[in-house]
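Note sheet for the following structure.
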Amino acid sequence: MAEMMEGGGGHDKKGKKKGKKGAPRVDMTPMVDLGFLLITFFMLTTTMSKPQAMELNMPDKTNEPVKDQLVKASQTLTVILGKNDKLYYHMGTIKDVEEGQYPVEQSDFSSQGIRKVILQKKAELGVDDKGIPKLIVVIKAMDEAKYRAMVDILDEMHITEAKRYAIVQIIPEDVAFIEKHFPGSTI
Amino acid sequence: MPKVKVKRKGVALDMTAMCDVAFLLLTFFILTTRFKPNEALAVDTPSSVSEIKLPDSDIMIISVGKDGRIFFGIDGQPNRINMLQRVADDRKIQFSDKEKYEFSLMDNFGVPLASLKQFLSTPGEKRAKINQPGIPADSLNNELRTWVFHSRYANPKIRIAIKGDRGADYKVIKDVINTLQDLNINRFNLVTGMEAKPQISSL
């Protein structure tokens with residue numbers, strides 16, 4: 001198929017005369033075919049979507065905890081990630097809840113779930129003099145919680161722009177507390 | 001006026017422009033392509049709205065599988081050899097040059113140090129079939145800590161990413177994070193997939 005066609009065609013006699021003809025025309029069709037074949041191959045094998053990354057900063061463990069960084073219990077929202085993608089939250093400390101000051105409730109990761117709660121609390125508490133929301137979210141995950149739940153809740157922090165949040169180690173008291181209020185949820 | 005009869009001939013299309021385009025695209029795809037690495041551990045990452053891209057170079061990836069196995073990998077062959085040498089000196093293990101070379105070819109691995117030598121001496125095809133048990137990261141024998149520690153010496157610019165499966169138990173992730181925090185690493189990345197940021201209606 002690869003044929004060479006002379007410029008004008010038909011004008012040259014016995015092929016001797018070298019006139020001022022254009023460059024010989026090459027049939028490009030097979031080359032184009034090959035080009036597109038290779039393009040298809042590379043398009044299909046390539047991994048275009050680069051994975052995203054989420055930055056996570058943890059507090060320094062080695063330093064002594066700063067004493068005057070105590071936060072107001074009324075500004076903290078504790079979110080506990082439990083088994084089977086369950087999620088529990090309460091304001092204040094466990095003690096406040098036991099005294100009946102705040103309720104402890106169950107929620108989920110939908111847009112009507114914890115997101116609504118965080119947005120509501122954020123709006124209720126307002127911002128401090130630097131314009132940062134006063135709300136502090138404390139995230140505790142049980143050992144049985146899935147990694148996805150952790151990423152989801154961190155994601156909610158980004159979505160709701162709750163600037164202050166921390167991942168805190170869960171203690172047995174928290175698990176017992178959840179078990180007391182939601183029997184059977186931690187077994 | 002009489003109609004001029006045009007004799008239809010096969011139209012010779014000038015393919016040059018098309019060819020140019022085809023090869024331009026081809027060059028683009030060849031240069032941007034990055035083949036999917038042959039992964040020993042399948043990790044299905046959760047998705048997030050985060051828009052930070054994971055860097056390609058100077059990166060350490062700690063993968064956590066659905067079953068809780070921990071795999072470890074850094075980029076760059078010289079870095080891998082350097083890291084292995086440091087770990088070997090630390091743990092008093094001898095590795096031959098061939099084993100070091102084999103090690104440098106692996107994107108990630110999940111075998112305890114005790115069986116690493118044997119693992120490296122297994123030929124390639126057989127090795128791919130071995131079910132790697134994962135790197136121990138518990139407090140009694142924290143080999144992950146050793147690897148992370150020495151990889152940071154091998155490449156001081158290294159950044160750390162945790163690539164967890166969405167179904168992995170948080171307990172394992174917690175162990176990994178604790179290991180990093182023990183080494184005074186408090187800033188790291190979580191590898192996630194992409195997700196559209198939802199609109200929040202103001203309350």
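The values are calculated or read from the model by the stated rules, or taken from the named source; none is laboratory data. This one's a predicted model, so the numbers in the text were calculated from it and none came from an experiment. Here the Cβ positions follow ideal geometry from the backbone for every residue, glycine too, while neighbour counts run over all protein chains shown.
Structure above, values below:
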quantity	calculated
Test: residue in the stretch B:123-139 that is in a helix (DSSP H, G or I) and either at positive phi or more than 21 Å from the chain's Cα centre (by Cα) (or both)	yes
Matching residues, the stretch B:113-135, being within 17 Å of residue B:43 (Cα to Cα) and crowded, with 17+ Cβ neighbours inside 10 Å	B:132, B:134, B:135
Residue satisfying condition, being surrounded by fewer than 16 Cβ atoms within 10 Å (Cβ to Cβ) and at pLDDT 80 or above, within set A:183, A:172	A:172
Near pairs, Cβ below 9 angstrom, 6+ apart or cross-chain, from the stretch A:24-43 (free of Cβ contacts under 8 Å to residues at least 12 places away in the same chain and more than 12 Å from residue B:19 (Cβ to Cβ)) to any residue that is among the β-branched types (Val, Ile, Thr) and outside any helix (DSSP H, G or I)	A:42/B:33; A:43/B:33
Filter result (more than 29 Å from residue A:151 (Cα to Cα) and either touching a strand residue (DSSP E or B) at 6+ places or on another chain (Cβ under 9 Å) or within 12 Å of another protein chain (Cβ to nearest Cβ) (or both)) within the stretch B:47-90	B:80, B:83
Residue match in the stretch A:139-146 (condition: without any contact (Cβ under 8 Å) to a residue 60 or more places away in the chain, crowded, with 16+ Cβ neighbours inside 10 Å, of a type in the set (A, V, I, L, M) and touching a strand residue (DSSP E or B) at 6+ places or on another chain (Cβ under 8 Å))	no
Enumeration of residues in the stretch B:157-184 that are crowded, with 18+ Cβ neighbours inside 10 Å and hydrophobic (A, V, I, L, M, F, W, C)	B:158, B:160, B:161, B:162, B:168, B:172, B:173, B:176, B:177, B:180
Residue within the stretch B:146-161 that is under 28 Å from residue B:77 (Cβ atoms) and at the interface with chain A (Cβ under 8 Å from one of its Cβ atoms) present	yes
Sole residue being over 17 Å from the mean Cα position of the chain (by Cα), over 25 Å from residue B:182 (Cα atoms) and of a type in the set (A, V, I, L, M, F, W, C), chosen from B:103, B:119	B:119
Residues that are farther than 19 Å from residue B:62 by Cα, hydrophobic (A, V, I, L, M, F, W, C) and in a helix (DSSP H, G or I), drawn from the stretch B:77-122	B:88, B:114, B:119, B:120
Those residues of the stretch B:13-46 which are more than 8 Å from chain A (Cβ to nearest Cβ), in contact with a helix residue (DSSP H, G or I) (Cβ under 9 Å, 6 or more places away or on another chain) and in contact (Cβ under 8 Å) with a residue 24 or more places away in the chain, in sequence order	B:38, B:40
Residues that are part of a loop (DSSP other than H, G, I, E, B) and within 11 Å of another protein chain (Cβ to nearest Cβ), drawn from the stretch A:131-148	A:142, A:143, A:144, A:145
Near pairs, Cβ below 9 angstrom, 6+ apart or cross-chain, from the stretch B:85-112 (over 18 Å from residue B:154 (Cα atoms) and surrounded by 18 or more Cβ atoms within 10 Å (Cβ to Cβ)) to any residue that is at pLDDT 85 or above and among the hydroxyl-bearing types (Ser, Thr, Tyr)	B:110/B:63
Residue that is surrounded by the most Cβ atoms within 10 Å (Cβ to Cβ) [pool: residues in the stretch B:185-203 that are within 18 Å of residue B:74 (Cβ to Cβ) and β-branched (Val, Ile, Thr)]	B:191
